[in-house]
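Coordinate-derived values only; no laboratory data. The shown structure was predicted, so the numbers you read here are calculated from the model rather than taken from an experiment. FYI the Cβ positions are ideal-geometry reconstructions off the backbone, even for glycines, and counts take in every protein chain you see.
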Amino acid sequence: MTETVNYPLPTVHLNGTDKKTLLRGNIKINKALEDLNEALKDCPFHGRDYYVQDNNYFPPVAGGAYDKATKERAKHINNISDFAEYIEQHIEHIATQ
């Protein structure tokens, strides 16, 4: 992934953190994010867990509890995805120095 970013990425140099440490830390974060994605896949998320909040209405309706919960979860999953991309950019940048 070679991509231009709008924020600074670390530069490996003599007076800074060594390359091995920078890579190890970012790779560890990347692994944790992969584990988090696996955990999300294993975590049930179903409309039946929310319909009781909408006066026992099933199936879920637009604007109802499940709809709101789905949008909230998607927002956080997108944030996790964005952070994973950010970490991958760091790994690639550091590795090529």
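Worth a mention:
- Qualifying GluC sites (Glu not before Pro) for the chain [loop in DSSP, other Cβ within 10 Å: at most 15]: GLU3
- Mean Cα-pair separation over length for the stretch 19-95, i.e. relative contact order, pairs under 8 Å, 6 or more apart, %: 45
- Each of [x] 5.6; [y] 6.6; [z] 8.3 is a candidate for mean projected area of the Cα convex hull in nm²; the one calculated from this structure is [z].
- Here the calculated FRET efficiency for THR96 and VAL52, from their Cβ-Cβ distance with R0 = 35 Å, stands at 0.10, rounded to the nearest 0.05.
- Sparsely packed chymotrypsin sites (Phe, Trp or Tyr not before Pro) within the stretch 32-97, loop by DSSP, other Cβ within 10 Å at most 15: PHE45, TYR57
- Residue list for the stretch 78-95, given a label point 7 angstrom along the Cα-to-Cβ vector of ASP42 and an amide N cut-off under 11 Å: none
- Using the Cβ-Cβ distance between THR17 and PHE83 with R0 = 25 Å, the FRET efficiency computed as 1/(1 + (r/R0)^6) comes to roughly 0.80.
- 0 to 90° range, to nearest 10: angle between helix 65-95 axis and the chain longest Cα axis: 10
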